[in-house]
């Protein structure tokens, strides 16, 4: 009798557990369908479980968007490089601007924008109306891009050289190039072209003795005979100007 009663009790417990589990499953399904229904209606979930599920779903979507944007950023950056290397500077400018919308703190992109805009200034003569203004707009964009690159990365020596070329050859402000070239040569201590450009900027700024020293370094570090001879010729010319032909 006791065994029979015990069996009844056990069966009763199992039935209760089964009913309880079934009810929990039903409640879960109801919550899921209720959440889906309210989401379709634009109603925010309110229960903890629903909020957690919504957060998890949103986080997954955000991560997916971030991953896609990272891919797009890399794509536009690579396209900027390829356009610039191919001499397609107008397209490089557009690609760099697009890439910067994804990564506005990329000093390398600003450098490429500076190079490309500087080269586009040469096309200003094709403008029917006011080509001089068009040229200055391109040069202004180039200068701003180089300065932003150096603001983000003060040791970006390519931008130092780029802005120095801009000041010496395009904007005819050689004195403005001097501090950038001095910093550039602190990093690139044996760069022959850097010393040639520095010598030119110093000479144009009236600092003749320093220009002689710059050309002396160009001759010292050059492994190309023609460049070495050219640097020595510049030294002699400036020495003659300083002290008279002997």
- request: Can you figure out the FRET efficiency of residue 101 with residue 56, using R₀ = 30 Å and their beta-carbon distance, to the nearest 0.05?
  value: 0.55
- prompt: Looking at the P(r) of segment 49-154, how many percent of alpha-carbon pairs lie beyond 22 Å?
  reply: 44
query: Dividing the alpha-carbon radius of gyration of segment 80-234 by 2.2 N^0.38 Å (N being the number of residues), what value is obtained?
result: 1.11
- request: Kindly rank 200-209, 127-136 from highest to lowest mean number of other beta carbons found within 10 Å of each residue.
  value: 200-209, 127-136
message: Give the separation of the Cα centroids, segment 154-208 to segment 107-146, in Å.
response: 19
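Fewest first, what order do 47, 77, 158 take by the number of other Cβ atoms within 10 Å? Before the final figure, lay out the partial values.
Numbers: 47 12, 77 21, 158 18.
Result, fewest neighbours first: 47, 158, 77.
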- prompt: Once Rh for segment 172-246 is found with the Kirkwood sum over Cα pairs, what is the Stokes-Einstein diffusion coefficient at 10 °C and 1.306 mPa s, in µm²/s?
  reply: 130
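Going by how many other Cβ atoms sit within 10 Å of their own, how do 144, 84 line up, fewest first?
On the way: 144 14, 84 21.
With the fewest neighbours first, 144, 84 line up as 144, 84.
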query: So for 222, 142, 74, 86, fewest C-beta neighbours within 10 Å to most, what's the order?
result: 86, 74, 222, 142
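A short reminder: the numbers here are calculations on the coordinates, not readings from a lab. All of these numbers come straight from a predicted model, not from anything done at the bench. Neighbour counts run over all protein chains shown; Cβ positions are idealised from the backbone, glycine included.
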